Amino acid sequence: MIEKQYAVIGLGRFGSSLSRELVKLGYEVLGIDINEERVHEMSQVLTHTVVADCTEEEVLRSLGIRNFDCVVVAIGNDMQASILTAIVLKDAGVTKVVAKALSELHGKVLQKIGVDRVIYPERDMGIRVAHQLVSPNLLDYIELSDDYTIAELSVPQKMCGNTLHDMNPRAKYGCSVVAIIKKSGVIVAPSATDMLEMDDLMVVIGKNDGIEKFEDDLE
Ligand code: ATP
Ligand code: ATP
Ligand code: CA
């Protein structure tokens with residue numbers, strides 16, 4: 001596998017967390033910020049760091065930005081800087097540009113410029129936390145489409161000792177348990193006789209309304 005080269009522009013809370021994690025995952029990361037202090041804070045963590053204004057085409061070109069496999073624009077509050085940076089990156093021919101948007105309109109502009117992936121961290125985290133607050137047993141989820149979801153559910157004490165046959169999720173909620181995560185290991189594609197124990201997690205796939213009903217009955 002060829003190691004990917006990442007560049008992260010804007011080392012605020014989001015950009016620094018993202019770039020830190022990429023380094024942890026074993027990738028090389030160039031971090032750029034206009035703010036010297038921010039760059040200084042990250043200089044020991046990232047592979048390379050540069051103080052630069054990324055709205056300036058020449059600056060990005062001189063850094064050889066075109067050669068990076070993926071460049072993340074993590075500038076948020078300064079919408080103008082975010083948009084200008086994204087244009088410069090796409091003009092320079094960067095293959096994959098990911099940019100953080102603060103609002104729907106900001107995101108729309110980024111998309112029109114040709115940004116390959118627009119992310120809305122605050123909006124999406126808000127939605128996620130709301131779901132988790134409403135359903136205490138819902139630990140995490142992935143929306144497969146508007147109708148279908150994969151959810152990770154914790155097993156409440158009252159369900160411990162029950163088998164999947166006892167709970168009957170397929171018949172009751174139209175949901176299949178894809179895996180049971182136990183302290184001792186993971187049961188993939190569990191069968192009717194597999195039993196739920198204390199601290200187990202279930203990975204469940206199904207229609208949204210079925211999963212919601214399942215969650216409600218776990219409470
Ligand atoms: P976060 O929401 O991630 O915590 P923040 O709110 O601290 O970020 P933002 O305004 O979103 O700050 O900007 C993130 C970073 O982007 C800041 O560190 C800022 O200095 C940097 N930045 C802003 N404009 C530019 C630019 N033109 N070139 C390079 N970096 C920039
Ligand atoms: P089905 O066609 O629904 O699998 P079945 O009687 O052939 O019915 P069994 O494997 O005997 O299936 O399981 C009986 C019941 O146990 C199922 O109807 C279902 O509700 C539940 N069950 C078994 N395995 C799972 C699973 N992995 N996920 C969800 N429910 C399951
Ligand atoms: Ca912010």
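Here, each number is a calculation from the coordinates, and none is a lab measurement. In this text the structure is predicted, and so the values were computed from the model without any measurement. Neighbour counts are summed over all protein chains in view; Cβ atoms, including those assigned to glycine, are modelled from backbone coordinates with ideal geometry.
Here are a few things to note about the model shown:
- Condition met for GLU152 (in a strand (DSSP E or B), away from ligand 3 (no atom under 16 Å from the Cβ) and surrounded by fewer than 18 Cβ atoms within 10 Å (Cβ to Cβ)): yes
- Qualifying positions in the range 155-182 - assigned to a loop (DSSP other than H, G, I, E, B) and not hydrophobic (A, V, I, L, M, F, W, C): PRO156, GLY161, ASN162, ASN168, GLY174
- Members of the range 1-29 found to be more than 20 Å from VAL59 (Cα to Cα) and assigned to a helix (DSSP H, G or I), listed by number: ARG13, PHE14, SER16, SER17, LEU18, SER19, ARG20, GLU21, LEU22, VAL23, LYS24
- Per-region count, the range 30-48, residues part of a strand (DSSP E or B) and either touching a residue at least 60 places away in the same chain (Cβ under 8 Å) or under 17 Å from THR85 (Cβ atoms) (or both): 4
- Among residues of the range 75-89 that are touching a residue at least 12 places away in the same chain (Cβ under 8 Å) and within 7 Å of ligand 1 (Cβ to nearest atom), those with a Cβ under 9 angstrom from a residue that is assigned to a helix (DSSP H, G or I) and aromatic (Phe, Trp, Tyr), sequence gap 6+ or separate chain, pair up as GLY76/PHE14.
- Selection from the range 102-135 of residues that are touching a residue at least 60 places away in the same chain (Cβ under 8 Å) and either β-branched (Val, Ile, Thr) or out of contact with any strand residue (DSSP E or B) (no Cβ under 8 Å at 6 or more places or on another chain) (or both): SER135
Residues are listed down the side, and each one gets a yes or a no for (1) closer than 20 Å to GLN111 by Cα; (2) touching a Ser or Thr at 6+ places or on another chain (Cβ under 9 Å); (3) surrounded by fewer than 18 Cβ atoms within 10 Å (Cβ to Cβ):
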site	(1), (2), (3)
GLU28	no, yes, yes
ILE32	no, yes, no
SER43	no, yes, yes
LEU46	no, yes, no
ALA81	yes, yes, no
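- The listed residue being at positive phi and either of a type outside the set (S, T, N, Q) or away from ligand 2 (no atom under 13 Å from the Cβ) (or both), out of GLY210, GLY126, GLY161: GLY161
- Among the residues of the range 89-126, those identified as under 30 Å from MET202 (Cβ atoms) and surrounded by 12 or more Cβ atoms within 10 Å (Cβ to Cβ) are ILE119, TYR120, PRO121, GLU122, ARG123.
- Selection over the range 1-41 of residues that are within 19 Å of the chain's Cα centre (by Cα), more than 7 Å from ligand 1 (Cβ to nearest atom) and among the small types (Gly, Ala, Ser) gives a count of 5.
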